[in-house]
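The structure under discussion appears below in the form of structure tokens.
The values are calculated or read from the model by the stated rules, or taken from the named source; none is laboratory data. From a predicted model like this one, the values you see are computed outputs, not experimental measurements. As a convention, Cβ positions derive from the backbone with ideal geometry for all residues, glycine included, and neighbour counts pool all protein chains shown.
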Amino acid sequence: MLAAATAAITGISALAADGEANEWPQSHFGWGADVTSAIDMTGQDMSTLNIGAALGYKNRAIQIAGVGGQIDIAVGNNSRFYPVFALVRTSFTQRPSRCFMEVKAGYSFNRMDDKADHNGIYASAAWGINLAMSRNYRSYITLGYVYRQISGHGYKDVSAVSAGIGINF
């Protein structure tokens, strides 16, 4: 009787371990894309529509840690911003979690409406919620803050609130 109970517990543990292994990614290479919008809070008419992509390392606790880039198109004028950045997106736990935090830091190549380049620092921090999760992908939404340094010629640095949707593989 004790041997049968021990065998049953061992079998259930093995099935649970197999299910957990299938739930997590089999590869440590991750990539993803997102579409976001940023609302300018500085009153300079620099609200943007953004398309971005990233690639890097992933594991149980880190959805992605790597590098990425974006094309940010100002909706009120002809300015364009091209940030390149390092990013980390993590839930701070090895268990599956709906919530995560994302941090980006890098440099933005800014082509302003006056046809001059005003490059500078780019930083972003966001909270997110995973919508659909499997071992192969995660779709998510984010809400965050963006800082873009714009140097000189009457422009002020841009602070913006952002919201977006994306997918990670």
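Points to keep in mind about this one:
- From the list S27, S13, the one residue that fits, being of a type in the set (S, T, Y), over 27 Å from G166 (Cα atoms) and at pLDDT below 95, is S13.
- Top-ranked residue of the stretch 66-108 - restricted to ones that are in contact (Cβ under 8 Å) with a residue 60 or more places away in the chain and over 14 Å from V146 (Cβ atoms), ranked as surrounded by the most Cβ atoms within 10 Å (Cβ to Cβ): R89
- Residue in the stretch 107-125 that is of a type in the set (A, V, I, L, M) and farther than 25 Å from S47 by Cα present: no
- With respect to (1) crowded, with 20+ Cβ neighbours inside 10 Å; (2) not in a strand (DSSP E or B), the lone exception for D114 is condition (1).
- Filtered by the rule that a residue be more than 22 Å from F29 (Cβ to Cβ) and either in contact with a Ser or Thr (Cβ under 6 Å, 6 or more places away or on another chain) or assigned to a loop (DSSP other than H, G, I, E, B) (or both), the stretch 132-146 gives G144, V146.
- The combined condition, being buried (at least 16 other Cβ atoms within 10 Å of the Cβ) and either more than 16 Å from the chain's Cα centre (by Cα) or touching a residue at least 12 places away in the same chain (Cβ under 8 Å) (or both), is not fulfilled by S134.
- Selection within the stretch 141-158: residues that are at pLDDT below 95 and touching a strand residue (DSSP E or B) at 6+ places or on another chain (Cβ under 6 Å). The member of this set that is surrounded by the fewest Cβ atoms within 10 Å (Cβ to Cβ) is S151.
- Where A125 falls short, out of the listed (1) in contact with an Asp or Glu (Cβ under 8 Å, 6 or more places away or on another chain); (2) surrounded by fewer than 16 Cβ atoms within 10 Å (Cβ to Cβ); (3) under 29 Å from H28 (Cα atoms); (4) at pLDDT below 95: (4)
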